[in-house]
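Accompanying notes for the structure given below.
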Amino acid sequence: MSVPDTATTGPSAVRGRRELAYAVLLCLAGAGLAAWAVTRTWSVELTTRGALPPGERTRTGAELLPWVSALAYVGLAGGGAVLATRGRLRRLLGALLAAVGLAVAVGGGVGVTESGVSRHWPALVLAGGLALAVGGVLTGWRGGGWPAMGARYERRPGSTGPADADRPAVERGTRDAWDALDRGEDPTVT
């Protein structure tokens, strides 16, 4: 009977996975909300054209503040990158996400204070930026100890790669045998 490794199954590991999920969801939801709200119509300008009916020109938040949508997309990519990083790099990414979130929130704040602009779309950009910033702060503060992607994405120590390919997949290990079956190969032959 084997004893489970408490470093990967204990209460602190469960808390770490939960915090990781909350941080990623905050980052993705905040950046997604901001990216969506910045594409909505923020202002409608009416122009008089003499005897013709007045002309109407709508402007989205992306037209008024194009850098906000760019930063929101950076936040979306960074939220996904939190899953692929670990340690100091994840903490650095958290600080970057916090700064990006604050910049997006500033863009929403600028939109809220502009005259002739509807208030609800910029307010959603502001809320999304703040959620992204909170996710970034959480990642920067606690992210160094969170679990990383599984070991299957890393190179195994002692694995030389092509030298192992000379042996049948069954001799290399169970996972290699299943991978060979997934590829449609016979794992008992080389």
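Quick notes on this structure:
- Residue list for the range 34-72, filter: surrounded by 15 or more Cβ atoms within 10 Å (Cβ to Cβ), touching a residue at least 40 places away in the same chain (Cβ under 8 Å) and of a type in the set (Ser, Thr, Tyr): Ser43
- Of residues in the range 22-69 being over 18 Å from Ala95 (Cα atoms), of a type in the set (Gly, Ala, Ser) and in a helix (DSSP H, G or I), the one modelled with the lowest pLDDT: Gly61
- Filter result for Gly79 (assigned by TED's automatic domain parsing to the domain that holds Trp121 and touching a residue at least 60 places away in the same chain (Cβ under 8 Å)): no
Residues checked against (1) at pLDDT 85 or above; (2) in contact with a strand residue (DSSP E or B) (Cβ under 8 Å, 6 or more places away or on another chain); (3) assigned by TED's automatic domain parsing to the domain that holds Gly75; (4) not β-branched (Val, Ile, Thr):
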site	(1), (2), (3), (4)
Ala127	yes, no, yes, yes
Leu130	yes, no, yes, yes
Val137	yes, no, yes, no
Gly140	yes, no, yes, yes
Val170	no, no, no, no
Thr174	no, no, no, no
Thr190	no, no, no, no
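The values are calculated or read from the model by the stated rules, or taken from the named source; none is laboratory data. For clarity, every value in this text was computed on a predicted model and none was experimentally measured. Cβ coordinates were reconstructed from backbone atoms using ideal geometry, including for glycine residues, and neighbour counts include every protein chain displayed.
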